[in-house]
Amino acid sequence: MHDYLLGIESLSKSFSGIKVLDNVHLQVRSGTVHSLMGENGAGKSTMMKCLFGIYRQDSGRFFLEGEEFNFIDPKHALENGVSMVHQELNQVTQRTISDNIWLGRYPRKGFFVDEKAMYRASRELFARLGIHLDPNLKLDALSVSQRQMVEIAKAVSYEAKIIVLDEPTSSLTDNEVRMLFDIIRVLRSHGVGIIYISHKMDEIFEVSDEVTVLRDGQYIGTEAIENLDMERIVNMMVGRDLGHRFPPRTNVPGEIHMKVSKITTKYSPIIRDVSFELRRGEILGISGLVGAGRTELVESLFGARTLESGEIYIDGRKINNSTAQKSIGNRFALLTEERRSTGLYPVADITFNSTIANVKSYRGAIGLLDDKSMTRDTETQIDNMRIKTPSYKEQIRDLSGGNQQKVIIGRWLLTDPDILLLDEPTRGIDVGAKFEIYQLIINLAREGKSVIMVSSEMPELIGITNRIMVMSNGRMAGIVETEKTNQTEIFNLAMKYLINSTEAEI
Amino acid sequence: MAKFAHKLRTMTGRQWMDLLVQNAIYLVILAIILTIIILDPRFLSLRVLENILTQSSVRLILALGVAGIIILQGTDLSLGRMVGLAAVISASLLQRQDYAGRFYPNLETVPVLLPMLAAIFGTVLFSAISGWVVAQFKIHPFLATLGMMTVLYGVIQIYFDMGAGGAQPIGGHDRFYTAISTGRLVEFSAGGTRVGIPYLVLIAATVSLVIWVIWNKTVFGKNMYAVGGNPDAAKVSGVNVMGTTIMVYVMAGILYGIGGYLEAARIGSANPSTGFGYELDAIAACVVGGISFSGGIGKVSGAIAGVLMFTIISYGMTFVGLEQYYQYIIKGVIIVVAVALDTKKYLRRV
């Protein structure tokens with residue numbers, strides 16, 4: 001029974017009737033790196049949240065070294081040797097490294113904190129892990145990767161037996177990734193079990209011992225890494241029904257609509273010399289690794305970033321998109337990546353959320369807003385996009401992620417845009433709702449709107465775009481015809497400007 | 001030193017700019033002081049220095065109280081009324097036996113420090129309630145202490161009306177009480193006047209030292225910075241967020257109690273409007289001294305610098321005969337500029 005350090009057995013969890021996890025398993029051996037894979041929405045993070053007591057499972061059991069347990073919160077888990085290093089680091093950045101590591105359990109000497117003991121303990125901890133940082137540095141002087149290492153060290157200082165790393169490399173440079181892997185290997189040699197969550201295939205093959213794959217809340221399988229190759233993992237993750245995940249592309253790209261010439265941003269992260277053309281009714285995908293400048297590119301087009309140089313032409317006429325207001329005036333719309341922080345007004349109702357970008361056009365004769373036409377337009381949007389809601393008065397925070405996204409797309413459609421910039425339009429949305437968003441995007445393109453869509457999900461780019469532009473380290477690495485390309489070509493383009501640049505940046 | 005000089009020589013224009021921005025508020029203050037000295041060189045005297053330090057003392061003690069709360073991402077509007085409460089309690093218990101309008105006509109002479117404890121008891125009680133309300137109900141400290149400010153005014157009035165002397169300021173202080181605010185530890189002649197080290201300055205220095213130790217050397221102090229910097233991180237690391245929050249308010253209460261006790265002695269009387277508006281001076285001094293409203297950042301030295309700056313500026317401007325109304329304008333501008341510069345340090349351009 002003690003084969004496994006951590007066992008998760010027959011875990012199930014539903015949210016409002018939808019099964020997010022259906023009888024899934026995970027078994028992690030001591031001294032191994034166990035990769036947990038699956039597309040966004042496959043149930044990985046729900047599984048982890050159940051493990052850490054943030055969600056209560058409907059059924060299923062957890063075992064640590066053969067003992068059954070149920071953690072009540074992350075702190076309880078931490079004290080029992082199970083910890084998680086989150087993508088968003090939860091740290092007190094104004095304080096020093098050792099203050100953060102020993103927070104909540106400072107060593108004392110009489111009435112005072114024993115700074116010397118704390119410093120010494122931090123040094124010993126870092127020496128064990130091969131981390132070269134002065135514990136007296138403040139966290140806000142560190143890079144993200146260094147802060148991450150501090151967080152890992154903190155987990156180790158709690159005598160962690162299991163450490164969960166959630167997308168740990170998403171904002172690291174190649175060099176930093178290598179340092180992280182060194183630490184992971186040290187932890188493994190100390191007998192720690194590591195659950196590694198990542199989308200990056202090369203990392204999975206470099207660092208893992210075993211891989212468990214989830215798909216749509218189902219357990220697909222666990223295999224030793226030796227028995228796997230990339231194709232096999234992708235098959236497990238995506239399944240065979242890839243063809244049915246996307247609606248047919250019925251839009252037909254026409255003449256050139258927008259021409260972008262040598263766009264370069266003024267402040268970092270830098271976009272350098274990006275030029276391309278967008279056809280009317282076309283869906284142009286933007287691919288690239290995290291940090292390649294995809295979001296920054298659409299923000300630059302929309303005037304949310306300051307340009308150093310470069311021009312934008314619409315139908316051959318040069319336009320000025322230096323601010324968001326001007327861009328909206330030029331019939332641009334930007335759907336932001338972070339729906340929660342920059343898109344939603346959570347406590348406001350659907351009407352407010354739908355009409356806020358276009359509120360000026362609802363002014364009546366004496367400048368007061370016309371509630372009736374606002375309500376009418378909102379109801380039209382609800383019908384057209386099949387938004388599931390009891391009424392237009394509902395607070396938007398009560399809708400599901402997919403329906404929230406539809407409301408926000410609807411908001412921009414009410415401004416009657418010509419060019420839609422969509423940044424990760426299906427992030428955090430369940431599979432069924434994704435299909436509807438795809439259909440919506442294709443319909444818009446068919447009506448003659450031109451769409452630029454940023455996505456980190458390769459299948460959806462290949463599934464619904466006409467062409468894909470690949471960004472690499474702030475530059476355009478190439479544009480490919482979606483019908484004629486494959487994942488390897490896109491991946492190679494994404495790496496194009498990465499090799500020399502990391503050194504150049506340092 | 002050579003290293004420093006080398007660094008200065010090799011700095012780029014951008015780095016110079018950053019250095020200027022980081023220290024701009026100090027440069028502005030320096031410029032104002034220099035202007036004052038040029039206008040009236042007599043400003044550079046021991047007598048003036050003593051006055052400035054004395055006037056800063058009570059303000060500093062109060063500023064250190066609210067500083068802890070600001071570090072917790074909060075603020076305290078009730079500070080002025082806390083001072084009023086402590087002042088009225090202290091003064092009412094420390095009147096001369098031969099004074100005509102005594103608050104407690106039959107009260108024997110009490111040891112001079114005892115009323116301070118009574119005052120502290122009062123301010124700690126109410127400040128702890130504020131802290132509990134903030135921590136328990138997650139009410140923004142601005143609102144919680146706005147409520148407390150109003151409550152306290154009522155409490156002070158009720159207490160004041162209980163006095164036998166009727167509705168008149170509580171004056172005629174015991175000579176030992178007065179001595180605390182006017183006495184000096186050592187005295188000597190300089191430039192024709194007697195100067196020395198006032199007790200008030202010694203008390204403020206001792207309080208600053210104790211607070212420095214608490215903030216920097218104790219678990220409570222470190223927890224205060226952690227809760228202020230990132231409450232969620234503190235919570236998952238097992239810090240008692242509620243206990244820490246209440247303790248910070250209790251500490252503030254202690255300092256308000258001391259401050260109010262000294263303020264009544266300094267002024268020579270107390271009435272319900274004693275301390276009115278002091279919270280704004282204290283908060284402004286903290287902010288100018290770099291104690292950030294975004295929480296988790298702030299030093300004792302910052303509070304000292306902030307308080308001294310304001311005192312120097314107002315004393316200096318009065319010294320050269322600038323009308324008070326102009327002083328208000330200058331002080332107001334300094335507050336806003338200080339905050340703008342502070343924010344600029346953290347601003348990211350896109």
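Points to keep in mind about this one:
- Under a 5 Å amide H cut-off, with hydrogens placed 1.01 Å from N, A:L369 pairs with A:G364 among residues at least 5 apart or on other chains.
- Qualifying GluC sites (Glu not before Pro) in the stretch A:59-150, where qualification requires a DSSP coil assignment and no more than 10 other C-beta atoms within 10 Å, comprise A:E88.
- Rounded if a/c under 1.5, otherwise prolate or oblate - the stretch B:45-346, Cα gyration tensor axes: oblate
- Which of A:Y219, B:Y328, B:Y278 has the fewest Cβ neighbours within 10 Å, and the rest in rising order: B:Y328, A:Y219, B:Y278
- For the listed peptides B:220-232, B:310-322, a ranking on the average number of other beta carbons within 10 Å per residue, highest first, reads B:220-232, B:310-322.
- Quarter of the Cα convex hull surface for the stretch A:359-428, i.e. its orientation-mean projected area (nm²): 5.5
- Net +/- balance of residues flanking A:V85 in space, Cβ distance below 13 Å, scoring K and R +1, D and E -1: -2
- Rounded if a/c under 1.5, otherwise prolate or oblate - the stretch A:295-446, Cα gyration tensor axes: oblate
- Loop GluC sites (Glu not before Pro), the stretch A:272-338 (other Cβ atoms within 10 Å of the site Cβ: 13 or fewer; DSSP): A:E338
- In loop segments of the stretch B:37-125 as defined by DSSP, there are no trypsin sites (Lys or Arg not before Pro) with at most 12 further C-beta atoms inside 10 Å of their C-beta.
- Its Cα centre serving as origin, chain B has a Cβ charge dipole (Lys and Arg +1, Asp and Glu -1) of approximately 1260 debye.
- Peptide-level mean, for B:236-246, of C-beta atoms on other protein chains within 10 Å: 3
- A cut-off of 5 Å between modelled amide H atoms, ignoring neighbours fewer than 5 places along the same chain, links A:E394 with A:I350.
- Take every Cα pair under 8 Å whose residues are at least 6 apart in sequence, average their separation, divide by the length of the stretch A:341-416, and the relative contact order is 46 percent.
- Calculated [222 nm] ellipticity per residue, helices only, for the protein assembly as shown: -15500 deg cm²/dmol; basis is -39500 (n - 2.57) per DSSP H run with n ≥ 4, divided by all residues, nearest 500.
- Exposed GluC sites (Glu not before Pro) absent: longest stretch of chain B, with sites in DSSP loops and at most 14 other Cβ within 10 Å deemed exposed: B:109-322
- Count Lys and Arg as plus one, Asp and Glu as minus one, and take only other residues whose Cβ is under 15 Å from that of B:I334; the net charge is then -1.
- Neighbouring partner chain Cβ atoms per residue of B:314-326, average, 10 Å criterion: 0
- Sorted by Cβ density within 10 Å, fewest first, the residues A:S35, A:S170: A:S170, A:S35
- Shielding of peptide A:95-101 by partners, expressed as the average count of other chain Cβ atoms within 10 Å per residue Cβ, is 3.
- Ranked by the mean number of other Cβ atoms within 10 Å of their residues, highest first, the peptides A:17-23, A:445-451 come out as A:445-451, A:17-23.
Read the figures in this text as sums done on the coordinates, not as results from a lab. Here the structure is a predicted model, which means the values were calculated and not measured. For neighbour counting, all protein chains shown are included, and Cβ atoms are generated from backbone atoms with ideal geometry for every residue, glycine included.
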